[in-house]
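Colleague: Sharing a structure, written as structure tokens. Questions coming.
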């Protein structure tokens, strides 16, 4: 039984999908350089597959096996002539369990990059903030090699990675996006995707989210002035959608949601909280909001309408 899929995204990047028990199906990306490998997120970890009889549960072993078959795992050191493994750079779009579950496999010999926007969020109570505790997943232990700064152009040991970091708090305080100028791809984590709602949960902030998306929209519009248009490679569901159009869809749905104009498609009790899912008319994008977070955004932007109370018959998740 195969627990991962491995396919080509573009000429320098591969996309991996983990088939996990909660059907998050996280998207993991690897960008290949002559002497380096840049990994974007690490999936749910080895004990979280949908099927028990998975042939390989280690994301690192799976990646290295496939990269070796593609001739991308090693390089010849020009100084010694020896064949050596490429060094791993690990970028975490945010520290939810389905993005850091395999991080421990890279903790000892890789360089880990995480948002510098809210270091306390990561350092103080990662077990709860990552939802590892909620889903009974071991919280990985690791050292941050580099705290990313907004609009930081990334290099490593003299190598231009052709990546720029964008700090995009909202879904979580530590959410980031990475822009690949070589391929014109925006790796957006869980800020943008299709068919599923963006989660606005206990540690989310809707005001931060819309501020981040407005800034990213302006950023992408400028990048679209030259050459091919930017496409989004998200943390779930979406890997090749026009970024400008997708961001515009999310921004419109955001305003419709806090104005009470979106379609209520689901309502559940989650960790004792009233959680409402609102989608746009085509049900392509939407938001799954903890009631208190939705009300905070409504009050901040001056909207007032009757948010449905949690029915006694609402399912618990």
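Colleague: Would you confirm, using the coordinates I've provided, whether residue 87 is out of contact with any helix residue (DSSP H, G or I) (no Cβ under 6 Å at 6 or more places or on another chain) and crowded, with 20+ Cβ neighbours inside 10 Å?
Modeller: Answer is no for this residue.
Colleague: Just a yes or no: is a residue in the stretch 249-263 assigned to a strand (DSSP E or B) and more than 20 Å from the chain's Cα centre (by Cα)?
Modeller: Checked against the condition, which is being assigned to a strand (DSSP E or B) and more than 20 Å from the chain's Cα centre (by Cα), the stretch 249-263 yields at least one hit.
Colleague: When the residues of the stretch 90-142 are filtered to those that are part of a strand (DSSP E or B) and surrounded by 20 or more Cβ atoms within 10 Å (Cβ to Cβ), which remaining residue is nearest to the chain's Cα centre (by Cα)?
Modeller: Out of the qualifying residues, it is 91.
Colleague: Another question, then. Which of the strands (runs of 3 or more DSSP E) found entirely inside the stretch 152-221 contain at least 1 residues meeting this: surrounded by fewer than 22 Cβ atoms within 10 Å (Cβ to Cβ) and modelled with pLDDT of 95 or more?
Modeller: Correct list: 152-156, 159-167, 197-200.
Colleague: Next question, about the same structure. Just wondering, is there one or more residues in the stretch 72-90 that are under 27 Å from residue 123 (Cα atoms) and out of contact with any strand residue (DSSP E or B) (no Cβ under 9 Å at 6 or more places or on another chain)?
Modeller: No, every residue in the stretch 72-90 fails to be under 27 Å from residue 123 (Cα atoms) and out of contact with any strand residue (DSSP E or B) (no Cβ under 9 Å at 6 or more places or on another chain).
Colleague: While we're on this one: Might you let me know whether the stretch 231-242 holds any residue that is surrounded by fewer than 18 Cβ atoms within 10 Å (Cβ to Cβ) and at positive phi?
Modeller: Taking every residue of the stretch 231-242 in turn, at least one turns out to be surrounded by fewer than 18 Cβ atoms within 10 Å (Cβ to Cβ) and at positive phi.
Colleague: Please determine whether any residue of the stretch 296-308 is at pLDDT 95 or above, part of a strand (DSSP E or B), in contact with a helix residue (DSSP H, G or I) (Cβ under 9 Å, 6 or more places away or on another chain) and crowded, with 17+ Cβ neighbours inside 10 Å.
Modeller: No, the conditions are met nowhere in the stretch 296-308.
Colleague: So which of 15, 31 is crowded, with 20+ Cβ neighbours inside 10 Å and not in a loop (DSSP other than H, G, I, E, B)?
Modeller: 31
The values are calculated or read from the model by the stated rules, or taken from the named source; none is laboratory data. The structure displayed is predicted, hence computed values, not measured ones. Ideal geometry is used to build each Cβ from the backbone, glycine not excepted, and the neighbour counts take in all protein chains shown.
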